[in-house]
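Read through the structure below, which is laid out as structure tokens, and then see the notes.
Read-outs throughout are calculated quantities, based only on the coordinates presented, and are distinct from any laboratory measurement. Remember, predicted model here, so these are calculated numbers, not experimental data. Cβ atoms come from the backbone with ideal geometry, glycine included; neighbour counts cover every protein chain shown.
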Amino acid sequence: MRSLILLLITLPLFSCGDANVDDLNDFVAKAKVQIYPVNDNVPDLKKIDAMIFTQEEGRNPFSEPKMEVAAPVRNAPKSCPQPDFERKKQPLEMYSLDNLIMRGTLRIDNILWALVQITGGELHKVKLGYYLGLNHGKVLKITKEKVELLELVSDKDGCWQERITQITLQSD
């Protein structure tokens, strides 16, 4: 049995001895002789002005966005719309709209939900009546392309003005 195994192992080694490699040698010789053209037409490089990044302006683009909190104005006139300061803040109200990205929608029990992502972070489900953004933005309408918000923005007199804003669908 041992000799049979030894024979089966050594037999393939003897079959490699007389290989016909003439065609391979011919191909290598032709490839060495052949001349390949060199393209010396290098295009001119356009001058690009470098932009210098200074930390003084804006946030570091490589860091996670920080939560922001809007300061309430308590002495506003009562004739203009007022946000509900007693209402418990929702998680997405700690981020500006610039840090929120709409990623899609989904329908659960015949209710359309928007999928909103914090820049580089977690994904949240949002439906009508939810609040997001720093300006007391209440979700008014959700479509497959956008989330429409009613925001309350304080002016210089301490009065609150309503404005309609939107977060549009973005995909990678």
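Taken about its Cα centre, the chain carries a charge dipole of roughly 880 debye when the Cβ of each Lys and Arg holds +1 and the Cβ of each Asp and Glu holds -1. Placing unit charges on the Cβ atoms of the charged side chains and taking the dipole of the chain about its Cα centre, the candidate lying farthest along the positive direction among LEU97, VAL42, ILE108 is ILE108.
For the pair LEU45 and GLU64, the difference between a 0.36 nm per residue extended length and the Cα-Cα distance amounts to 3.3 nm. Over all projection directions, the Cα-based convex hull of the range 91-168 averages an area of 5.1 nm². Put in line by how crowded their Cβ is, counting other Cβ atoms within 10 Å and starting with the fewest, MET1, MET102, MET94 read MET1, MET94, MET102. In degrees, nearest 10, range 0 to 90: what is the angle between the Cα axis of helix 2-15 and the longest Cα principal axis of the chain? Computed tilt is about 90 degrees. Peptides 128-141, 79-92, 154-167 ordered by packing proxy, namely the average of other Cβ atoms within 10 Å per residue, highest first: 128-141, 154-167, 79-92.
With semi-axes √(5λ) of the Cα gyration tensor in Å in mind, check (i) 22, 20, 17; (ii) 69, 29, 17; (iii) 39, 17, 16 and report the label derived from this structure. Computed from these coordinates, semi-axes √(5λ) of the Cα gyration tensor in Å corresponds to label (ii). Here the Karplus relation 6.51 cos²θ - 1.76 cosθ + 1.60, evaluated at θ = phi - 60°, turns the backbone of the range 39-49 into coupling constants of 8, 9, 7, 7, x, 6, 7, 7, 6, 10, 6 Hz, with x for every Gly and Pro.
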